[in-house]
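Only one structure is covered here, and it is reproduced in the block below.
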Amino acid sequence: MSIQVFGLPVSRGVAIGRAVLVASSRVDVAHYFVEPERAEAEIARLRQARDVVAAELTTLKRELPTDAPGELAALLDVHLMLLHDETLADATKHWIEERHYNAEWAVSAQTEVLARQFDEMEDEYLRERKADIEQVAERLLGVLAKAQPLPLAAGARDFAGEDPLVLVANDIAPADMLQFKGSVFTGFVTDVGGRTSHTAIVARSLDIPAVVGAREASRLVRQDDWLIIDGDAGVVVVNPSPIVLEEYRFRQRQSALERARLDRLRHMPSVTLDGQAVELLANIELPGDAAAALAAGAVGVGLFRSEFLFMNRNGELPNEDEQFEAYRSAVEGMHGMPVTIRTVDIGADKPLDRLTVHELRHEHALNPALGLRAIRWSLSEPAMFRQQIRAILRASAYGKVRMLIPMVAHLAEARHTQEAVARAKQQLTEAGVPFNDIEVGAMVEIPAAAVSLPQLLRYFDFVSVGTNDLIQYTLAIDRADESVAHLYDPWHPAVLRLIADVIATANAAGKHVSVCGEMAGDVAFAELLLAMGLRSYSMHPAQLSSIKQRILRADSTRLAVALRATLASDDPAAEWRRVLGGTTII
Ligand code: PEP
Ligand code: MG
């Protein structure tokens, strides 16, 4: 039976493929295909892992203290039995032989199938056996993770089974999402998350269709179901009828044509009809993304989210040299174009992994979005902060670098940042390490920063508006919480007024201002931001051509005239649509 699940559209386009259900705790399991002729070797890997787990369980049982409760030995027997049970052992082999999954992926896929079957059992005792299956699977995955994977043959990652695959999970952490760059999945669905949650942002940067906040999706979808992910409408169609499937295949072809058409704009200068040059920059998460930025026609990086270097580190933060190499690689990758490196913005929905949190004794805050995030955390770890500043300064010897400070709210934060920069420069100078002078800018993403911008500008060379957080903090809406996603409203008059004021104030002060939040890459706001006086946008590389198309067709002078009425309107979105109908060439 075909059903539809509704969520939030976060990454455009249509994906059609078979569902791969992954438990949130297992998202970081390696997912790759093995070529058919290597299936036997992969099954042997699985068998070896199974033998190791069996030996572990047997030893555990043998070494149980004599006074241990009898249930413990019985439980270990159950685990041993499950390990060899054909529903786990044979069926896992099936995923390797038939679907060409690697061993870890096969174990996790079959565990999902079994967990679902247990969930549906009437008998409570049997339902609880699900935990046993999961524990056995965790042991197997643990052993496989330590064992050497089969060396990937050239092109193995590209080798796909017959059907395209889409990933369905309750949640995917932003750092885990990153590992899917260039992976086998052609679309994503998650149960939780808001439109500007970092998981959604990373999904968008992968430029494949995605729907988040689909609440029940991972419960309703079964392993291997056929899914359509409509990333434009936020709809997931499970087991579509042939007619619906054909309709979506048609839309897929249409959007491929549209993309090819937009691609032709890539290397055109972005200038409005009335001759205003507009700078289009890229947001990147990893140094390797510089290539996509260049290919998309970006004239620099407006936001390098350095925090992704700090995630999934198993208790160890990147040291100065490692960071320097990453920044240098991004800078060199941009061939002389400016790269804006944002200092680490850890916290809220971008947590450090548990081990690192423990090492740093940086326990989870009660209210993480309002807690020790971003510059607050950096200033509370002065040695770590100076290390990062030195790494950024060192990279400036290889190209044009700017440093951007996230979540500034207090003037004291500006002063302490300046002191940290001065100290880092002094250390490098004393050590004879080359660097260039760099501009230091502030993210305007807390309403306090927007309102006190004239004072802040005395301390900073430029500003970048983080609309994702600015909306979150202005409207008191958790951007990662799908249950309040309908209240997360970029069109709210208070939000628009703040953005317009920031752009006007910075322009009047002669300071460079750009917008690097998701609004910059959203075509619905392209002309509005232009009317506000914005001349620098930073977005995912994949969004660049669509925004450029809007810029090329816009008359900024005429748009600016209509701005005041829109800002004063009770329904700015409707008022602006009316304006666009009359002032742009469509
Ligand atoms: C923002 O808040 O708009 C922004 C660009 O930063 P991030 O999304 O990483 O919080
Ligand atoms: Mg932010």
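Please go through (1) at positive phi; (2) buried (at least 22 other Cβ atoms within 10 Å of the Cβ) for Asn283 and return the number of the only condition it doesn't satisfy.
The single condition Asn283 does not satisfy is (1).
Would you please name the residue that is farthest from Ser218 (Cα to Cα), looking only at residues in the range 114-125 that are assigned to a helix (DSSP H, G or I) and out of contact with any helix residue (DSSP H, G or I) (no Cβ under 7 Å at 6 or more places or on another chain)?
Of everything passing the filter in the range 114-125, Tyr125 is farthest from Ser218 (Cα to Cα).
Could you list, ordered by first residue, the pairs with Cβ atoms under 6 Å in which the first is in the range 105-119 and in the same structural domain as His94 (by TED's automatic domain parsing) and touching a residue at least 60 places away in the same chain (Cβ under 8 Å) and the second is of a type in the set (Ser, Thr, Tyr) and in a helix (DSSP H, G or I), at least 6 apart or interchain?
Between residues of the range 105-119 that are in the same structural domain as His94 (by TED's automatic domain parsing) and touching a residue at least 60 places away in the same chain (Cβ under 8 Å) and residues that are of a type in the set (Ser, Thr, Tyr) and in a helix (DSSP H, G or I), the close pairs are Ala106/Thr92; Val107/Thr92.
Which is closer than 21 Å to Met177 by Cα, within 18 Å of the chain's Cα centre (by Cα) and either of a type in the set (S, T, N, Q) or more than 16 Å from ligand 2 (Cβ to nearest atom) (or both), of Leu317, Leu309, Leu303?
Going through Leu317, Leu309, Leu303 in turn, the sole match is Leu309.
Pick from the range 204-225 the residues that are part of a strand (DSSP E or B) and among the β-branched types (Val, Ile, Thr): which of them is nearest to Ala19 (Cα to Cα)?
Taking the range 204-225 as the starting set, the residues that turn out to be part of a strand (DSSP E or B) are 210-212.
Next cut, among the β-branched types (Val, Ile, Thr) only: 211-212.
On the way: Val211: 14, Val212: 15 Å.
Restricting to residues being part of a strand (DSSP E or B) and among the β-branched types (Val, Ile, Thr), the top hit is Val211.
Answer with yes or no whether Arg157 is surrounded by fewer than 23 Cβ atoms within 10 Å (Cβ to Cβ), more than 30 Å from Asp469 (Cα to Cα) and modelled with pLDDT of 90 or more. Let's see the steps before the verdict.
Details: surrounded by fewer than 23 Cβ atoms within 10 Å (Cβ to Cβ): yes; more than 30 Å from Asp469 (Cα to Cα): yes; modelled with pLDDT of 90 or more: no.
No, not satisfied.
Identify, by number, the condition in (1) touching an Asp or Glu at 6+ places or on another chain (Cβ under 7 Å); (2) acidic (Asp, Glu); (3) not in a loop (DSSP other than H, G, I, E, B) that Glu246 doesn't meet.
Every listed condition holds for Glu246 apart from (1).
How do the pairs read when you match residues in the range 480-494 that are outside the structural domain of Arg195 (by TED's automatic domain parsing) with residues anywhere that are of a type in the set (Ser, Thr, Tyr), using Cβ under 6 Å and keeping only pairs 6 or more apart or on different chains?
So the pair list comes out as Ala480/Ser197; Ala494/Thr474.
Out of the residues in the range 444-473 that are within 14 Å of Lys511 (Cα to Cα) and either assigned to a loop (DSSP other than H, G, I, E, B) or in contact with a Phe, Trp or Tyr (Cβ under 7 Å, 6 or more places away or on another chain) (or both), state the one that is nearest to ligand 1 (Cβ to nearest atom).
So the residue we want is Phe460.
Name the pairs whose Cβ atoms lie under 6 Å apart, with the first residue in the range 439-458 and assigned by TED's automatic domain parsing to the domain that holds Arg479 and of a type in the set (Asp, Glu), the second crowded, with 22+ Cβ neighbours inside 10 Å and not in a loop (DSSP other than H, G, I, E, B), and 6 or more positions between them or separate chains?
Filtered contacts from the range 439-458: Glu439/Arg402; Glu445/Asp469; Glu445/Leu470.
From Ser452, Ser464, grab the single residue that is modelled with pLDDT of 95 or more and buried (at least 24 other Cβ atoms within 10 Å of the Cβ).
That would be Ser464, the only listed residue that is modelled with pLDDT of 95 or more and buried (at least 24 other Cβ atoms within 10 Å of the Cβ).
Right, Ile16: more than 20 Å from Gln135 (Cβ to Cβ) and in the same structural domain as Arg204 (by TED's automatic domain parsing) or not?
yes
Here is a list: Val484, Val561, Val579. Which entry is more than 16 Å from ligand 2 (Cβ to nearest atom), buried (at least 18 other Cβ atoms within 10 Å of the Cβ) and more than 22 Å from Ala409 (Cα to Cα)? Write out each step before concluding.
Values: Val484 fails: buried (at least 18 other Cβ atoms within 10 Å of the Cβ); Val561 fails: buried (at least 18 other Cβ atoms within 10 Å of the Cβ).
Checking each option against the conditions leaves just Val579.
With Ala256, Ala260 as the choices, which residue is small (Gly, Ala, Ser), within 22 Å of Ser538 (Cα to Cα) and surrounded by fewer than 20 Cβ atoms within 10 Å (Cβ to Cβ)?
Working: Ala256 fails: within 22 Å of Ser538 (Cα to Cα).
One residue alone meets the criteria, Ala260.
From (1) in a helix (DSSP H, G or I); (2) over 19 Å from Leu404 (Cα atoms), pick out the condition that doesn't hold for Asn312.
Every listed condition holds for Asn312 apart from (1).
Taking the stated definitions as given, is Pro406 touching a helix residue (DSSP H, G or I) at 6+ places or on another chain (Cβ under 6 Å), crowded, with 23+ Cβ neighbours inside 10 Å and at negative phi?
Numbers: touching a helix residue (DSSP H, G or I) at 6+ places or on another chain (Cβ under 6 Å): yes; crowded, with 23+ Cβ neighbours inside 10 Å: yes; at negative phi: yes.
The answer is yes for Pro406.
Might you check whether a residue that is in a helix (DSSP H, G or I) and farther than 24 Å from Thr474 by Cα occurs anywhere in the range 562-572?
Yes, some residue in the range 562-572 is in a helix (DSSP H, G or I) and farther than 24 Å from Thr474 by Cα.
Mind counting the residues in the range 290-307 that are within 11 Å of ligand 1 (Cβ to nearest atom), touching a residue at least 60 places away in the same chain (Cβ under 8 Å) and in a helix (DSSP H, G or I)?
Looking only at that region, the number is 1.
Out of the residues in the range 48-80 meeting the condition of being among the acidic types (Asp, Glu) and within 23 Å of Ala147 (Cα to Cα), tell me which one is surrounded by the most Cβ atoms within 10 Å (Cβ to Cβ).
Keep residues of the range 48-80 that are among the acidic types (Asp, Glu), which gives 51, 56, 63, 67, 71, 77.
Narrowing further to those that are within 23 Å of Ala147 (Cα to Cα): 51, 56.
Numbers: Asp51: 12, Glu56: 15.
This residue is Glu56.
Given Ala326, Ala256, Ala292, which one is farther than 29 Å from Arg550 by Cβ and under 24 Å from the mean Cα position of the chain (by Cα)?
Step by step, each of Ala326, Ala256, Ala292 is checked, and only Ala326 is farther than 29 Å from Arg550 by Cβ and under 24 Å from the mean Cα position of the chain (by Cα).
Taking the range 315-357 as the search range and keeping residues that are assigned to a strand (DSSP E or B) and in contact with a strand residue (DSSP E or B) (Cβ under 6 Å, 6 or more places away or on another chain), which one is nearest to ligand 1 (Cβ to nearest atom)?
Arg342
Determine whether the range 384-401 contains at least one residue that is closer than 16 Å to Arg342 by Cα and within 12 Å of ligand 1 (Cβ to nearest atom).
So far as the range 384-401 goes, no, none of its residues is closer than 16 Å to Arg342 by Cα and within 12 Å of ligand 1 (Cβ to nearest atom).
Six or more apart or on different chains, Cβ atoms under 8 Å: show the pairs whose first residue is in the range 41-69 and without any contact (Cβ under 8 Å) to a residue 40 or more places away in the chain and whose second is surrounded by 11 or more Cβ atoms within 10 Å (Cβ to Cβ) and of a type in the set (Asp, Glu).
Once the first residue is without any contact (Cβ under 8 Å) to a residue 40 or more places away in the chain and sits in the range 41-69, its partners that are surrounded by 11 or more Cβ atoms within 10 Å (Cβ to Cβ) and of a type in the set (Asp, Glu) give Lys61/Asp77.
Pull out all pairs, ordered by first then second residue, where Cβ-Cβ is under 8 Å, the residues are six or more apart or on different chains, the first lies in the range 335-347 and is closer than 17 Å to Gly297 by Cα, and the second is among the basic types (Lys, Arg) and outside any loop (DSSP other than H, G, I, E, B).
Pro338/Arg402; Val339/Arg402; Thr340/Arg402
Read through the list (1) part of a helix (DSSP H, G or I); (2) within 16 Å of ligand 1 (Cβ to nearest atom); (3) farther than 30 Å from Ile172 by Cβ, then give the number of the only condition that Arg497 fails.
Checking Arg497 against (1) part of a helix (DSSP H, G or I); (2) within 16 Å of ligand 1 (Cβ to nearest atom); (3) farther than 30 Å from Ile172 by Cβ, the one that fails is (2).
I'd like the full set of residues that are of a type in the set (A, V, I, L, M, F, W, C), buried (at least 22 other Cβ atoms within 10 Å of the Cβ) and either under 26 Å from the mean Cα position of the chain (by Cα) or within 16 Å of ligand 2 (Cβ to nearest atom) (or both), limited to the range 384-402.
Looking only at the range 384-402, we keep the residues that are of a type in the set (A, V, I, L, M, F, W, C), and these are 384-385, 389, 391-393, 395, 397, 401.
Next, only the ones that are buried (at least 22 other Cβ atoms within 10 Å of the Cβ) stay: 385, 389, 391-393, 395, 401.
Hits for the range 384-402 are Phe385, Ile389, Ala391, Ile392, Ala395, Val401.
The values are calculated or read from the model by the stated rules, or taken from the named source; none is laboratory data. Note that this is a predicted model, so its numbers are computed, not measured. As a convention, Cβ positions derive from the backbone with ideal geometry for all residues, glycine included, and neighbour counts pool all protein chains shown.
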